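Step one of this worksheet: look at the structure below.
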Amino acid sequence: MSSAVYFSKFLVTNQVFYKSKYSFALVNLKPLVPGHVLVVPLRTSAIELTDLTNEESVDFFATVRLVNDFIRFHFKADSMNIAIQDGPEAGQTVPHLHTHIIPRYRANNVGDKIYKLLDNWNFEAWAERRDAYIKTRGEDSFAKPDDQRVERTVKDLAQEAQQLRESLVRFQASKKS
C-alpha cells in the first residue's frame, strides 16, 4: 500500500489486502475464525452507515460483495456471515464503520442459534464445547469467545494480507476469463 490507511485511529496499512477508491479490506487482528476479515471506508469520519455519501456507499457495498465472494472462494466456505454493528448500542467497539465477513461451514453450522449462544454464553458451557471440539477434532466447533482470541503479530498480519492480496489478484483474473 502506498499511503497510510487507518481503521479509526489505528494504522493498519500492512493489514490491508484490497483497496478501492473509497474502501479497503483488511485481515482481522483477532479473528473469530480463519478468514474473518473487515471491509472499512477509507474516510475515518464515517462512523455509521448513514455517514457515507451515495458514491462511497456504492463503492463500500461493491467492496463487501467482492471480498465476500473472494473469502468464500479462498477459504472454501459453505456460507458467509456479513455483519455491520451500526453504532455503539449495536455492539460497535471501534468508532469507524466496518463490515465483518466471516466464513461458515456445514460441519460446524449453528445458523441463527449463534445469537442465543452469544446471549447465553458462560465459561462452563464454553469449556464443555471446547472438550467436545477436542473429542471431535473440530467437527462441531464454534468460534472462540472474545477473551479467548489472541491478537496476532504485526508480522503475521502483514504476511496474511500479502497472501490474500496475491490470491485476490488471481481470483479477479479468473472471474474475467
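If we keep just the residues of segment 139-177 that are of a type in the set (Lys, Arg) and surrounded by 13 or more Cβ atoms within 10 Å (Cβ to Cβ), which is modelled with the highest pLDDT? Per the criteria, the residue is ARG165. Every listed requirement among (1) closer than 28 Å to ASP156 by Cβ; (2) in a loop (DSSP other than H, G, I, E, B) is met by PHE60 save one, (2). Of all residues in segment 1-28, which are part of a loop (DSSP other than H, G, I, E, B) and either buried (at least 18 other Cβ atoms within 10 Å of the Cβ) or touching a helix residue (DSSP H, G or I) at 6+ places or on another chain (Cβ under 6 Å) (or both)? Once the filter is applied, which keeps residues that are part of a loop (DSSP other than H, G, I, E, B) and either buried (at least 18 other Cβ atoms within 10 Å of the Cβ) or touching a helix residue (DSSP H, G or I) at 6+ places or on another chain (Cβ under 6 Å) (or both), segment 1-28 yields MET1, ALA4, VAL5, VAL12, SER20, LYS21, TYR22, ASN28.
Being at pLDDT 95 or above, part of a loop (DSSP other than H, G, I, E, B) and of a type outside the set (A, V, I, L, M, F, W, C) is a property that does not hold for THR50.
The values are calculated or read from the model by the stated rules, or taken from the named source; none is laboratory data. Note that the structure is a prediction, hence the values are computed from the model and not measured. FYI the Cβ positions are ideal-geometry reconstructions off the backbone, even for glycines, and counts take in every protein chain you see.
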